[in-house]
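The values are calculated or read from the model by the stated rules, or taken from the named source; none is laboratory data. Keep in mind that what you see is a predicted model, and the values were worked out from it rather than measured. With ideal geometry, Cβ positions are generated from the backbone for all residues, glycine too; neighbour counts draw on all protein chains shown.
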Amino acid sequence: MIESNNPEINVNQLMERIRAEVARRRDLGLLQRNGSGRAVSTVLPQVHFLAPLPPMVSPRRIDVKEERLTSILQRAREKTEVSKRIPKLLRRLFRKQGGYNNLLLESVAVLTRTNVELNKRFQEWAGAFEIQNRWLSDLSSARDADAAWMRAAATIINAVKEKNVAVGEEFRTLRSEFDKACEHLRNLQAQADGMREQEIDWAVRATNALADQMNVLEHKNVAAGEEFQVLRSEFDRAGEHLRNLQTEVDRFAEFGTRADDLGRHLSNLQVQTDNQDRHLNNLQTQADAVRDQAAIYQAELNHVKSDSNDAKQLALRADDRQNSEGAYLKSELHLLNRRLMELASTSGEGATSSAKNAPVPTDKHEFDALYVAFENQFRGSREVIKKRVRVYLDDVCGAGAVTADSPILDLGCGRGEWLELVNENGLAGEGVDSNAIMVSACQERGLRVIEGDALEYLRALPAESRGAITAFHLIEHLEFQLLVHLLRESFRVLRPGGLAIFETPNPDNVLVGSNRFYSDPTHLHPLPKEYSRFMLQSVGFSDVVARPLNPDKDSLPENAASPELRNFLNRLFFGEQDYAVIGKKR
């Protein structure tokens, strides 16, 4: 078991300190202090943007009726002109004074209208000048506000510069503690590997020793059986001899002279027979004791074998737990390292980033470690998953479209159980997953897996380049539009004769559709078999079937209901928990 309470470095306390420091650095932009201890706000005054200068609309040109006035004056002159042949004293008598006066009045009216138009235009210009005067006053106020903003910015810049040295020192301290945590994690990894090897070696040695003891006991048991058979044969011969002697005694009973001798001889034979019986009983007791001891040793061997299996299971669980905890810690440390680097970069940028007061961006891999731990808790062990997906090997091999140039593509490959099974059976396979920790674990096992989005990876592949496309418990995570695009791209990428396999929880099982499906918070909604079959057919797949899989081990008792009702309820509540929709590209 990995010990996390090292007296020199406590990983839990270190992680809490790092999280607290990151939170404190995030809130650092709310309030900083200058050298005198007086609070300096890092929020700059609001800048009021000045509206643009209102345009001076140039009015249309005033029509002064110049041509008309010229015409009126010309006509007036004509009214006053008199022929030169008339004497000057008499010329005024011949001038047309009435017409001349009318023309003068008409010209005065035209001039009056022009004067009114000029007065109106002058008022418009006066209003425009007043608007521009107000804008100039606002411009002056804006200049004063800009000067105040610059003074506040200069104060904040000075305060941030004074904090840069302290921030750099604290960052170096956190970096040192982070390096110590990484070293401690590597030490824990080495300790776990050593302890796992020791447990396996101990189990192997114990099994071998018990096997040797069992062999010895078996040899002893065989020898005791042989000795028992020999003694049994001797006992039978002694009995036969006793019967012969009895016959001889009966035949010579008439000889009285030898009766006493024969009686004594018979008594001696009886004593010998009794001794042989006692010896035979002792041997029988010893044989029973040997069999009891063998049974005890056999029980001990079975117990040790059970303990060995328990030790192996414990080692496997410890290995899974160590891998899960190690992956979780690696992800957490990686994420905190990135945040510390962002914090250091933010601290070095000065007042600009402080003025923006932007939050720390969310890492797209922030929950990778949490989801790996969730999978290890609820998905099942690698051996269980490999046993479940082994059923698809016959389908893939039967299609005959998988080659080295057109491998199997597993979308959302997760921990890589299917790809590992594919490689063990001599087939070419590759995978893609968006979880960086799962991708790293698959690559450590020698599997061809890359990190990325499944749909984007499909779009980047050439047409008819893969022999089979699989996805186990992926489509229930996708929205309708994404699912349609994923199926279309899968059909495009498959070569003719290629196979598509999509496994998902079976909502026909009421317990799955109403309860277990929602244990994964990233699931959207259950997908009925008819819906999935239709979706594959709609994008072009042929021979589409929906295959129920993995029935529940529980069932109703025999006497719970009538056979028909019991079978119906078993199908409804304890039926297949998953199904696979399988289609082929013609």
Next on the checklist: I need the full set of residues from the range 406-424 which are surrounded by fewer than 17 Cβ atoms within 10 Å (Cβ to Cβ) and touching a residue at least 40 places away in the same chain (Cβ under 8 Å), in order please.
Outcome noted: none
Checklist entry - Can you find even one residue in the range 548-569 that is surrounded by 14 or more Cβ atoms within 10 Å (Cβ to Cβ) and either closer than 18 Å to Glu479 by Cα or touching a Ser or Thr at 6+ places or on another chain (Cβ under 7 Å) (or both)? => result no
Item to check | Sole residue being surrounded by fewer than 17 Cβ atoms within 10 Å (Cβ to Cβ) and touching a His at 6+ places or on another chain (Cβ under 7 Å), chosen from Leu511, Leu524 | outcome: Leu524
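For (1) under 30 Å from the mean Cα position of the chain (by Cα); (2) part of a strand (DSSP E or B), each residue gets a yes or a no:
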{"site": "Ser532", "(1), (2)": "yes, no"}
{"site": "Asp543", "(1), (2)": "no, yes"}
{"site": "Ala546", "(1), (2)": "yes, yes"}
{"site": "Ala561", "(1), (2)": "no, no"}
{"site": "Asn567", "(1), (2)": "no, no"}
{"site": "Gln577", "(1), (2)": "yes, yes"}
Checklist entry - assigned to a helix (DSSP H, G or I), surrounded by 12 or more Cβ atoms within 10 Å (Cβ to Cβ), of a type in the set (A, V, I, L, M, F, W, C) and out of contact with any helix residue (DSSP H, G or I) (no Cβ under 8 Å at 6 or more places or on another chain): does that describe Ala159? => result yes
Item to check | Options Glu424, Glu444, Glu417: the member that is within 17 Å of the chain's Cα centre (by Cα) and assigned by TED's automatic domain parsing to the domain that holds Glu383 | outcome: Glu417
Checklist outcome for this item: Per the filter on the range 493-537, residues in contact with a helix residue (DSSP H, G or I) (Cβ under 8 Å, 6 or more places away or on another chain) and free of Cβ contacts under 8 Å to residues at least 40 places away in the same chain are Pro507
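Just checking, which of Glu169, Glu218, Glu227 is at pLDDT 75 or above and either more than 42 Å from the chain's Cα centre (by Cα) or of a type outside the set (Lys, Arg) (or both)?
Step by step, each of Glu169, Glu218, Glu227 is checked, and only Glu169 is at pLDDT 75 or above and either more than 42 Å from the chain's Cα centre (by Cα) or of a type outside the set (Lys, Arg) (or both).
Quick one: which helices (runs of 4 or more DSSP H) lie wholly within the range 406-517 and hold at least 2 residues that are over 28 Å from Lys364 (Cβ atoms)? Full working, then the answer.
Details: elements: 417-424, 436-444, 454-460, 480-493, 510-514.
Here the list reads 417-424, 510-514.
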Checklist entry - Would you call Phe122 assigned to a helix (DSSP H, G or I), closer than 29 Å to Glu67 by Cα and either of a type in the set (Lys, Arg) or at pLDDT 75 or above (or both)? => result yes
